[in-house]
Structure formats: C-alpha cells, structure tokens
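No lab work stands behind these numbers, since they all come straight from the coordinates. Note that the structure is predicted; figures quoted are calculated from it, not measured. When we count neighbours, we look across all protein chains shown, and the Cβ atoms used for this are built from the backbone with ideal geometry, even at glycine.
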Amino acid sequence: MRTDGDIAIVGAGYVGLTSAACFCEMGHRVRLVEVNPHRVSQIRAGTCPIYEQGLPELLRRHVGDRLAVYDDLAAATAGARAIFVCVGTPPRASGAPDLGALSGLLSELARLDLDDTVVVLKSTVPPGTNRMVYEALGKQVPVVSNPEFLREGTAVWDFFHPDRVVVGSPDAEAALGVAGLYAGVDAPLLVTGWEEAELIKYATNSFLAIKISFANEMAALCEALGAEAPDVLKGLGLDHRVGAQFLRPGPGYGGSCLPKDIKGLAWRARRAGVKLDLLAAAERANARVRVRLLEKLSRELGGLAGVTVAVWGLAFKAGTDDLRGAASGDLVPRLLEAGARVRAYDPAAGENFAALFPLEEHPGLMIAGDQWEALHGADALLILTEWDAFAAPPLEIRRHLGGRVVVDSRNLLDPDQAASVGLVYRGTGRGRLGRG
Ligand code: UGA
C-alpha cells in the first residue's frame, strides 16, 4: 500500500465520523463522504451530528483543514490510498445483517478507477463478506478487514487506546499498510485472514453480551438466595482469567451493537449448520431481566394500573443519547400498556425519546425537564441508566418522590442509606441489603 495520499472514509456514522476525526488528529488527511445531505452540511459547518465526548472539538479543529467532507463518492475516493467502508449494517428480523448499503456502495465502487488503493472494511459484516467484496471488485483491489472496537461515549479515547488493532487479509502487504495508518497507537497488532478478523469482532461483542447475561443471572440468583451480587461478582471478576469488566448487572445489555452482533453471529452459525447454544441463552436471559424489573415494580406497587412511575435514564447507557436497544424502549411502552403513567428524564436522550414515542400518541408519558421534576407525584422511581447525577442522595429522592419505592437496576444508590431515609429500595442482586 502507498504510504502517501489521503484516506477516504465512506459513511459518517459513529464509526466513520470518529475514525475520520481521529485519523486527522494523527496527522492524516481524510476525505469523508456521506449520502445524507443534512449530515454533510452539519459536518461541513463544523457541527458534530452525534453526541460523543471529545468529537466536537476534533471536528472543529480539522474540518476544512485535514478533514474534507464530500457528498460525491468518486471525488472523495479519487487517488485515495485507502478507502475505509463504514456504512451501517443494521439487523433484519431474521438476525441477518442488512448489507444493502454495502451492496449499493460496491456497485458504485466497481465503476470507479480503484488503481493503487486498498478497500478497508470497518463496518461489522458477517464472515465471508470481505471475500465477497474482493470478488465483487473483480479481484483487482486488495481488501482488508479492520474491525472497530469503539464504544459509544468513549469512542475518541478508544480510538487512541485500543486493546488491539486487527487487520485481516490474505494480502499481507495490504494488511500491514493499513496497520501502518495506526502508527503511534500503542496496541498489539494482529494480522489474520478475512474470516478470522470478521469473527474476532462478532466473538468479542457476543462474549461481552454473554458475560453481562451471566452477571444478570447471578444477580437474580443472589436475590433468591439472600446474597449480595456486587460481592459475588467482585470476587468472580478478581480472577484474572475472568476479568472484572462487563460484570455489572443492569437492565439488560442494549445499544446498536451487542444485540445486533449476537443475533448476527447466531444467524451466520445457523446458516453454516452449526448450533451455538450460548448465544440464544444470553438473549433469553437479557429479555428476562427486563420482565423481572417490571415484576419488581408491580410487586412493590401492588400492580401497575393507575400508578405513576418516574424513570431516570432513557439512553442505553450513560454518555450517549442513543436509544437503540435501550431498556427504556422496552419498559416505558409496557408500563403505559399496563395502565401506568410515566414521568421520564434523561440528561441527553429526552428529545430522541420524544421523537420515538410522540407525546401526543402516548398521553400517559411526559418528559421532565430535570431529574427532580420527574419525581413529583410519582409512586415509584425506576433507574435505568447509570448517569452520574442519578447516584443522588437518597434523602433528596425521598423529598421529591411522591411514593417510596425505588427500583435501581444499576445499583447506583446505597441500600442502607436508602432504607434509612424511609425508601423501599430494590437494587439488582441485592439479596441481603435492599432485597431484590
Ligand atoms: C460495544 C462494544 O463494547 C465495543 O467494543 C464495540 O466496538 C461496539 O459495541 C460496536 O460494535 O460498535 P457499545 O455498544 O458502545 O460498545 O456499548 P458497551 O459499552 O459495550 O455497552 C453495551 C451494553 O451493555 C449497554 O447497554 C451497557 O449498559 C451494558 N453493560 C455493559 C452492562 O449492563 N453491564 C456491564 O458490565 C457492561
């Protein structure tokens, strides 16, 4: 691969936009191309179209200088030394990723002069896709799989501090050329074939989903046995072979990736005639966590019809305004269907939630201006997202909340403190303190 020339990035979603800004920060010149005209003008104006810490600053620094934004693929890719594909691959009902955007791109790329460039797939694609891309481009252009492991909310940090850089291709020179673009990033480099790189991505997200489901199942068991899940999971995570991360019980994993990729891997395995038990089990466990939260609320309130529930947290996790796969999207409609009224608050995702669940169509729903307003007149508080501000003093919660019940899916509050101010506190897996 050439060591000079611009990098083209196709798709200005989370991955494409973050990668573009971060490659610029590393000193590269990047041409970012996007089909959505509104997004193109936003980025050209230096406005960050997504909620992502550190990204607005990088865009302000580089747009119009090292970062050029295009709406035309041919212009953006002409003469580029590498073309990074960062288009979306959302799930279909079958679990199969929708590769429509990728297919459309391929037919356009096939018409262009791709001499002396490398096509790099960053989009999460099922095993076999890089091979298919290579064939679709007439076996003339090196194709490298370079999966991304960025987390929403910390994507900029993750770009510069990855656990590993994976480049997969039978063309080792092309793979190492792509790895060279990350020069300065201190991380182990793994050079593999196409399918291995594709599987590393799916295996990682699926394993994380399984790990979280295991933590949630242990939490449920702790509640039944009168044990404290935080202690059990801490003891488990201190074993280096297990590791402490992704063992926090909560309202079930969400986001745009873990739910999609565990389904995508299961689909790919089914198509290959291989039965994988753990994936489906993790999905079932994840769905059950959410049912259990509603049961908890209902038990403490003596039913859900006619009650008012304050919900703190709509985003699928803290640090993002993203609602994809969020527990709120599952639980708020179910609360409303059960006849409850909902007063919801989120520091970042309130507007997105109102767009998804228009208030005129959901008369029982209101989006509060702050977390305290959400509590007024509510019979119970349900905490779904781990925003720092929600780890609030129990006394303040007691003062604002109409009723006394607090169901804290993220274990943000101290059960003893909550009980001492008269709250009926139900954490997750808190079998001894704040019975679950
Ligand atoms: C995930 C992966 O962590 C990234 O490495 C990957 O690049 C990304 O998907 C992707 O494929 O694009 P993300 O979706 O941003 O990143 O979210 P995570 O931080 O992984 O959290 C996923 C879900 O698990 C959230 O709902 C979170 O609340 C939940 N979670 C996480 C728990 O319930 N407990 C934990 O201990 C950790």
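Taking the Cα centre of the range 7-192 as origin, work out the dipole magnitude from +1 charges on Lys and Arg Cβ and -1 charges on Asp and Glu Cβ, in debye rounded to 20.
It works out to roughly 160 debye.
Report the residue, chosen from Ser256, Ser213, Ser94, that carries the largest GNM mean-square fluctuation when the chain is represented by alpha-carbon nodes joined by springs under 10 Å.
Ser94
Leaving out same-chain residues fewer than 8 places away, which aspartates and glutamates sit with a Cα under 12 Å from that of Lys122?
In chain and number order, the partners are Glu148, Glu198.
Once a ≥ b ≥ c are taken as the square roots of the eigenvalues of the Cα gyration tensor of the range 60-159, is the result rounded (a/c under 1.5), prolate (a/b larger than b/c) or oblate (a/b not larger than b/c)? Each step should come with its number before you reach the end.
Working: a/c = 1.73, a/b = 1.04, b/c = 1.66.
Taking the square roots of the gyration eigenvalues as a ≥ b ≥ c, the range 60-159 is oblate.
With Cβ to Cβ distances under 14 Å as the rule, what net charge do the other residues near Ile212 carry (K, R +1; D, E -1)?
On the way: positive: Arg151, Lys211, Arg248, Arg284, Arg288, Arg290, Lys317, Arg410; negative: Glu217, Asp261, Glu283, Glu386.
Result for the neighbourhood of Ile212: +4.
Computed over the Cα atoms of the range 209-434, what is the ratio Rg over Rh, Rh following Kirkwood? Don't skip to the answer; put the middle values down first.
Working: Rg = 17.5 Å, Rh = 18.0 Å.
Answer for the range 209-434: 0.98.
Considering the dipole of the range 114-264 built from charges on the beta carbon (Lys and Arg +1, Asp and Glu -1) around the Cα centre, which of Tyr182, Pro170, Leu225 is farthest to its positive end?
Leu225
Restricting to bridges with both residues inside the chain, how much of the DSSP beta-bridge set is antiparallel, in percent to the nearest 5? Could the numbers behind the result be given before it?
Details: 3 of 46 bridges.
Antiparallel: roughly 5 percent of the beta bridges in the chain.
Aspartates and glutamates near Lys234 by alpha-carbon distance under 20 Å, same-chain residues fewer than 8 away left out - which ones?
The qualifying aspartates and glutamates are Glu217, Glu223, Glu386, Asp408, Asp414, Asp416.
For Arg432 paired with Ala272, estimate the spin-label separation in nm (one decimal), with each label point 7 Å from Cα along the Cα-to-Cβ line.
Output for this residue pair reads 4.5 nm.
Regarding the chain, what whole-number volume in Å³ per residue does the convex hull of its Cα atoms give? Kindly include the intermediate steps, with their values, before the conclusion.
Values: hull volume 64.8 nm³, N = 436.
Here the figure is 149 Å³ per residue.
Report the calculated FRET efficiency for Ser94 and Glu396 (r = Cβ-Cβ distance, R0 = 41 Å), to the nearest 0.05. Provide the component values of the computation, followed by the final result.
On the way: r = 47 Å, r/R0 = 1.15.
Efficiency, from the Cβ-Cβ distance: 0.30.
Applying 1/(1 + (r/R0)^6) with R0 = 22 Å to the Cβ-Cβ distance of Arg241 and Ala187, what FRET efficiency is obtained, to the nearest 0.05?
Working: r = 22 Å, r/R0 = 0.98.
The calculated FRET efficiency here is 0.50.
In the Gaussian network model of the chain, springs joining C-alpha atoms below 10 Å, which of Gly313, Gly250, Gly100 carries the largest mean-square fluctuation?
Checking each option, the largest mean-square fluctuation is seen for Gly100.
Rg(Cα) of the range 207-251 divided by 2.2 N^0.38 Å?
Values: Rg = 9.9 Å, N = 45, 2.2 N^0.38 = 9.3 Å.
In units of the 2.2 N^0.38 Å rule of thumb, it is 1.06.
Which residue, Tyr425, Tyr182, Tyr253, tops the fluctuation ranking in a GNM of the chain built on C-alpha contacts under 10 Å?
Tyr182
If you average the alpha carbon positions of the range 75-92 and of the range 234-281, how far apart do those two centres end up, in angstrom?
After rounding, the separation between the Cα centres reads 28 Å.
Using a Förster distance of 22 angstrom, determine the FRET efficiency expected from the C-beta separation of Trp157 and Met26, and round it to 0.05.
0.95
Note down the nm distance, to one decimal, between modelled labels 7 Å out along Cα→Cβ at Val424 and at Leu359.
Calculated label separation equals 2.9 nm.
How far is the Cα center of the range 112-143 from the Cα center of the range 398-429, in Å?
Cα centroid to Cα centroid, the span is 53 Å.
Once you place label points 7 Å from the Cα toward the Cβ at Asp416 and Trp372, how far apart are they in nm?
2.8 nm
Once the convex hull of the C-alpha atoms of the range 7-192 is built, how many Å³ does it hold per residue, rounded to a whole number?
Working: hull volume 21.5 nm³, N = 186.
Measuring per residue, one finds 115 Å³ for the Cα hull of the range 7-192.
Which one of Phe23, Pro142, Val10 has its Cα pushed farthest toward the positive end of the charge dipole of the range 7-192, where Lys and Arg give +1 and Asp and Glu give -1 at the Cβ?
Of the options given, the answer is Val10.
If you place +1 on the Cβ of every Lys and Arg, -1 on the Cβ of every Asp and Glu, and leave all else neutral, what size is the dipole of the chain about its Cα centre, to the nearest 20 Debye? Walk me through the numbers before you get to the answer.
Details: 46 positive and 52 negative charges, 230 e Å.
For the chain, the charge dipole is close to 1100 debye.
Excluding same-chain residues fewer than 8 positions from Lys260, which aspartates and glutamates have a Cα within less than 12 Å of its Cα?
Here the aspartates and glutamates satisfying the reach criterion relative to Lys260 are Asp98, Glu283.
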